[in-house]
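*Asks:* Supplied in structure tokens, the structure appears directly below.
Throughout, read-outs are computed from the coordinates displayed, never taken from laboratory work. As the structure is a computational prediction, the values presented were derived from the model and not from experiment. Every residue, glycine among them, receives a Cβ derived from its backbone with ideal geometry; neighbour counts consider all protein chains shown.
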Amino acid sequence: MHASSIKVVDRKNDLRNLGDSMELKNAAENKASSIGEVDLSFNQIDNVEALDVFPSLKILMLDHNNLTSLTSFPNLPRLETLSLSYNGIRDLDSFLVQLTSKFPNLKNLNVMKNPMNPMFESESKYSDFRATVKIWVPSLLTLDGTDFSENADAIKNRQKDVEA
């Protein structure tokens with residue numbers, strides 16, 4: 001069995017912290033280096049420091065929780081997919097700094113329905129948001145479930161603004 005084939009799921013259990021998850025505790029004790037995917041969506045989690053015991057983590061789903069930043073996230077150098085929709089992340093600049101340092105191989109990011117994401121405000125704001133995220137995270141292939149093929153011009157324009 002290869003590293004990315006073991007998945008831990010503990011959804012809808014009103015977990016406030018990772019120590020409350022029996023599934024996660026068992027996985028950490030018995031097969032931490034083999035866990036490739038963790039899904040802790042639909043809980044009340046606001047701190048994920050304990051994920052540092054999963055060095056092979058490639059997919060992390062934390063939708064519908066109480067996360068407000070990436071401060072408690074450990075460095076997860078193998079992480080490729082991060083889903084954080086329906087959380088309380090507000091500060092885009094801080095988010096991007098931490099995102100790039102903690103997840104250098106990130107390819108897919110979902111941050112819909114966070115205060116920092118203007119997806120439902122206006123098309124131009126969301127286009128600028130997507131361009132900014134792509135510039136900060138060049139390895140990113142998708143943001144909020146879509147690729148960047150329609151954002152090429154916005155990315156170029158935003159890059160010029162950044163360099164100016």
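*Asks:* Taking into account only those residues within the stretch 41-51 that are under 15 Å from the mean Cα position of the chain (by Cα) and in a helix (DSSP H, G or I), which is surrounded by the most Cβ atoms within 10 Å (Cβ to Cβ)?
*Replies:* Leu51
*Asks:* Okay, next question. Under 6 Å by Cβ, and 6 or more places apart or on different chains, what pairs join a residue from the stretch 113-130 that is closer than 16 Å to Thr146 by Cβ with one that is part of a helix (DSSP H, G or I) and small (Gly, Ala, Ser)?
*Replies:* Qualifying pairs under 6 Å: Ser127/Ala154.
*Asks:* Then there is this: Taking the criterion of being within 24 Å of Phe120 (Cβ to Cβ), of a type in the set (A, V, I, L, M, F, W, C) and crowded, with 17+ Cβ neighbours inside 10 Å, would at least one residue in the stretch 17-40 satisfy it? Working first, answer last.
*Replies:* First, the residues of the stretch 17-40 that are within 24 Å of Phe120 (Cβ to Cβ): none.
The answer is no; no qualifying residue exists.
*Asks:* Tell me, which helices (runs of 4 or more DSSP H) lie completely within the stretch 88-164 with 3 or more residues that are closer than 25 Å to Gly36 by Cβ? Spell out how you get there, then give the answer.
*Replies:* Numbers: elements: 92-102, 123-136, 152-163.
Qualifying helices (runs of 4 or more DSSP H): 92-102.
*Asks:* Given Asp147, Asp91, which one is closer than 23 Å to Leu76 by Cα and surrounded by fewer than 14 Cβ atoms within 10 Å (Cβ to Cβ)?
*Replies:* Details: Asp91 fails: surrounded by fewer than 14 Cβ atoms within 10 Å (Cβ to Cβ).
The unique qualifying residue is Asp147.
*Asks:* So, Thr71, is that one over 23 Å from Phe148 (Cβ atoms), touching a residue at least 12 places away in the same chain (Cβ under 8 Å) and surrounded by fewer than 19 Cβ atoms within 10 Å (Cβ to Cβ) or not?
*Replies:* Numbers: over 23 Å from Phe148 (Cβ atoms): yes; touching a residue at least 12 places away in the same chain (Cβ under 8 Å): yes; surrounded by fewer than 19 Cβ atoms within 10 Å (Cβ to Cβ): yes.
Taking the combined requirement at face value, the residue satisfies it.
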